[in-house]
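The values are calculated or read from the model by the stated rules, or taken from the named source; none is laboratory data. Everything quoted here is computed from the prediction, not taken from an experiment. No Cβ is skipped: glycine too gets one built from the backbone with ideal geometry, and neighbour counts run over all protein chains shown. Side chains included, ligands, DNA and RNA excluded: accessible areas come from the protein's heavy atoms. Shrake-Rupley method; radii C 1.70, N 1.55, O 1.52, S 1.80 Å.
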Amino acid sequence: MHLEDWNGFGLQMPVGPNLWLQGVYAKPASTGPPWYYHLSMGISAVLLTLGAVMLVRRVGRPLERLAEAAEKVGRGEEMAPLPEEGADDIRHTTAAFNRMQERLRRFVQDRTQMVAAMSHDLRTPITSMRLRAEFISEADTREKIIATLDEMKAIAESTLAFAREEAATEPTRTVDLNALLESLCDDLAGLAGT
């Protein structure tokens, strides 16, 4: 075959003794204006680039959600399990993250219940010691012991309130540390002047 005016390539490989498989791909040389070739190549490149960008975003979206969720969990925020979607390795990573998040939630819940039980159990001996302290004859010593026991009781009560989720919760927010420090310095300077 004469391929002088054609663009193409040929393939030839042996498939047996004295037997060859031959293939030829050829297309005629461009007969249009030279800009047509460059325009078609440019359009093809743009379409391929758009397809690649869409594919990368589709693969990257689950990773982005995973990174955001890890940041939120690191700050102690509660969140629903992530959907396990995307490529196999991303699905496996998301499933492992969901399992880790559930284990952390159970761990914190167990520890909180333990602290609540300890705080509850401490109230009885503190009350008993306060009653005994009332019978101390020396007034100065009695007042110091009672003040210490009242402080211990307040700590136990606040810990119990926190464990029962009665404590006030605030959403996570960004703080301008420079402005906060300037405000504290101004307040302390005002107190020192009075």
**Report entry** Considering residues of the range 70-96 that are hydrophobic (A, V, I, L, M, F, W, C) and over 21 Å from ARG106 (Cα atoms) only, the residue farthest from the chain's Cα centre (by Cα)
**Finding:** ALA87
**Report entry** Those residues of the range 61-75 which are exposed (fewer than 13 other Cβ atoms within 10 Å of the Cβ), of a type outside the set (A, V, I, L, M, F, W, C) and free of Cβ contacts under 8 Å to residues at least 12 places away in the same chain, in sequence order
**Finding:** GLU64, GLU68, GLU71, GLY74
Query - Odd one out for MET79, checked against (1) touching a helix residue (DSSP H, G or I) at 6+ places or on another chain (Cβ under 6 Å); (2) farther than 30 Å from ARG57 by Cα; (3) of a type in the set (A, V, I, L, M, F, W, C); (4) surrounded by fewer than 13 Cβ atoms within 10 Å (Cβ to Cβ) - result: (2)
Query raised in the report: Which ones in the range 125-146 are in a helix (DSSP H, G or I), of a type in the set (A, V, I, L, M, F, W, C) and exposed (fewer than 11 other Cβ atoms within 10 Å of the Cβ)?
Result: LEU131, ALA139
Query raised in the report: Out of the residues in the range 1-18 that are at pLDDT 85 or above and open to solvent by 100 Å² or more (accessible area, probe 1.4 Å), which is nearest to the chain's Cα centre (by Cα)?
Result: GLN12
**Report entry** For VAL115: the one exception among (1) at pLDDT 85 or above; (2) surrounded by 10 or more Cβ atoms within 10 Å (Cβ to Cβ); (3) not small (Gly, Ala, Ser)
**Finding:** (1)
Report summary line: All conditions in (1) assigned to a helix (DSSP H, G or I); (2) closer than 29 Å to ASN98 by Cα are true of ILE43 except (2)
